[in-house]
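The values are calculated or read from the model by the stated rules, or taken from the named source; none is laboratory data. From a predicted model like this one, the values you see are computed outputs, not experimental measurements. Reconstructed Cβ throughout: ideal geometry from the backbone, glycine too, with neighbour counts over all protein chains shown. Quick note on the areas: whole protein, heavy atoms, side chains included, nothing else; ligands and nucleic acids left out. Shrake-Rupley method; radii C 1.70, N 1.55, O 1.52, S 1.80 Å.
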Amino acid sequence: MKYSEEELVAALKRNERTAFEFLYDHYSGALFNIISKTLRDEEKAADVMQESFLKIWKNIASYNPEKGRLFTWIMNIARNGAIDAVRVEGRKPIMDDIENVAVRNERDVSEDSQTTSSEMKAIIDMLRPERKVLIDMAYFQGYTHEEISEELHIPLGTVKSRIRTALQELKQHFAV
């Protein structure tokens with residue numbers, strides 16, 4: 001079975017097993033990549049991935065499509081789980097090259113995706129340098145806003161507003 005994002009969300013909210021299987025089949029690769037890039041340990045990444053899908057299942061009713069795409073919501077659940085696991089170990093997430101992570105994530109995301117990895121890189125590259133760095137750190141390297149603020153020595157409010165602005169710019173490029 002194939003779902004549009006709206007149909008998938010509705011089926012997930014009805015707790016339909018086939019919808020959760022579809023979600024796992026189409027998004028687990030990208031989520032595992034995000035988690036394993038942060039943790040650098042496959043066994044721990046598998047545990048965090050399982051916990052992430054459990055959180056998705058338990059919290060799907062709270063997903064609001066007006067606030068963002070389903071993939072962004074589930075990616076944030078996975079990313080936050082990975083960051084929490086890193087913090088339990090008492091270390092910071094390891095830095096990664098934005099292009100490598102973007103290419104792998106794009107390859108693993110839903111087959112319905114119209115954006116290629118080179119297009120995604122080009123779109124991200126169109127951002128102002130100060131915004132591009134923040135998107136890289138927050139979404140590809142696993143940093144929290146607070147950690148970015150400390151690392152780059154800029155105010156937390158500035159970090160949040162630049163990320164918000166960058167995401168709004170990116171959203172325009174991905175709008176259907």
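Some notes on this structure:
- Region 10-21, subset within 19 Å of Asn76 (Cα to Cα) and surrounded by fewer than 20 Cβ atoms within 10 Å (Cβ to Cβ), residue farthest from the chain's Cα centre (by Cα): Lys13
- Residue pairs whose Cβ atoms lie under 7 Å apart, separated by 6 or more positions or on different chains, with the first residue in region 70-91 and without any contact (Cβ under 8 Å) to a residue 24 or more places away in the chain and surrounded by 12 or more Cβ atoms within 10 Å (Cβ to Cβ) and the second outside any helix (DSSP H, G or I) and not acidic (Asp, Glu), are Trp73/Tyr63.
- The lone exception for Asn15 - which of (1) of a type outside the set (Val, Ile, Thr); (2) at positive phi; (3) assigned to a helix (DSSP H, G or I) it fails: (3)
- Criterion applied to Lys58, Lys44 was being of a type in the set (Lys, Arg) and under 19 Å from Lys13 (Cα atoms), and the one residue passing it is Lys58.
- Answer residue from region 61-73, given it is small (Gly, Ala, Ser) and assigned to a helix (DSSP H, G or I) and is farthest from Tyr3 (Cα to Cα) among those: Ser62
- Screening Lys37, Lys58, Lys2, Lys44 for residues that are open to solvent by 20 Å² or more (accessible area, probe 1.4 Å), not in a helix (DSSP H, G or I) and not β-branched (Val, Ile, Thr) leaves exactly one candidate, Lys2.
- Among the residues making up region 126-158, those that are of a type outside the set (A, V, I, L, M, F, W, C), open to solvent by less than 30 Å² (accessible area, probe 1.4 Å) and not in a helix (DSSP H, G or I) are Gln141, Gly142, Tyr143, Thr144.
- Residue pairs meeting the criteria (Cβ under 7 Å; at least 6 apart or on separate chains; first in contact (Cβ under 8 Å) with a residue 12 or more places away in the chain and closer than 20 Å to Asn33 by Cα, in region 130-153; second open to solvent by 40 Å² or more (accessible area, probe 1.4 Å) and not in a helix (DSSP H, G or I)): Gln141/Met95
The rows are residues; the columns are (1) at pLDDT 70 or above; (2) within 15 Å of the chain's Cα centre (by Cα); (3) closer than 20 Å to Met137 by Cβ; (4) among the basic types (Lys, Arg).
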| position | (1), (2), (3), (4) |
| --- | --- |
| Ile35 | yes, yes, yes, no |
| Ala46 | yes, no, no, no |
| Lys67 | yes, yes, no, yes |
| Phe71 | yes, yes, yes, no |
| Val86 | yes, no, yes, no |
| Arg104 | no, yes, yes, yes |
| Val109 | no, yes, no, no |
| Asp112 | no, no, no, no |
| Thr115 | no, no, no, no |
